[in-house]
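Here's the structure we're looking at; comments come further down.
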Amino acid sequence: MVTSILEAGQRLERSEDETLPRRAGLNRLPALVLFIVGVAAMIGAWNLSVGSLQHPQPGLWPFVVSFVIALTGGILTLFPEQIPLEAWNRRSLGVIGGIVSLGVFIILFETIGFIIPAILMLVLWLKVFGGERWIPTIILSIVGSATSYLLFAELLGVPFPQDIVLNALSWIGI
């Protein structure tokens, strides 16, 4: 018989620990992949030229972020028992879908420009991953893409590849 809430919580923790076997080797795999990706990104950032804090070069912040990723992966690889186990389920596929969609966005961005990939990405994330209704999804996707383009390309002067939508609009005189 359970005599207190604290005792019930302890019993629940013990039963969860018994149902989730620890597999240290399997827990190390994602952490090791994270470490390898971080090191590879650090090498890529170093090749961009890091510079210094007083005179940063394009690779400085990617190097810092990559270092943190590699450090996190290294720590989790060395201490896998500290990784909380979470069962893979259907929601876990959303993470994979998000990563794949970012890769597709990058490829499309370099190929056809910013506007269409940004709209498609926002539709996917708002409708599929977020469960929004269609009207808010369409409005937010178009307005969000246009606002992002204006902010980065026009106001901040970030160079974007040629965009087929903007080329078509300028061709018809808009």
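The values are calculated or read from the model by the stated rules, or taken from the named source; none is laboratory data. Please read all numbers here as calculations on a predicted model, not as lab measurements. A quick note on method: Cβ atoms are made from the backbone with ideal geometry, for glycine too, and the neighbour counts reach across all protein chains shown. Just the protein is used for accessible areas: all its heavy atoms, side chains included, with ligands, DNA and RNA removed. Shrake-Rupley method; radii C 1.70, N 1.55, O 1.52, S 1.80 Å.
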For G51, which sequence-distant residues (separation of 5 or more, or a different chain) have an amide H within less than 5 Å of its own amide H, given hydrogens modelled in the peptide plane? Q57
How high is the FRET efficiency from N47 to V158, r the C-beta distance, R0 30 Å, rounded to 0.05? 0.90
Accessible area of region 91-172 with a 1.4 Å probe: how many percent of it is carbon plus sulfur? 76
Taking every C-alpha to C-alpha distance in region 91-172 and binning by 5 Å from 0, the per-bin percentages run 3, 15, 21, 24, 19, 11, 5, 1, 0
Pairwise centroid distance, computed over Cα atoms, of region 101-115 with region 40-54, Å: 24
Excluding ligands, DNA and RNA, what is the solvent-accessible area per residue of region 67-174 at a probe of 1.4 Å, expressed in Å²? 72
On average over all directions, what projected area in square nanometres does region 28-107 have, based on the convex hull of its Cα atoms? 6.7
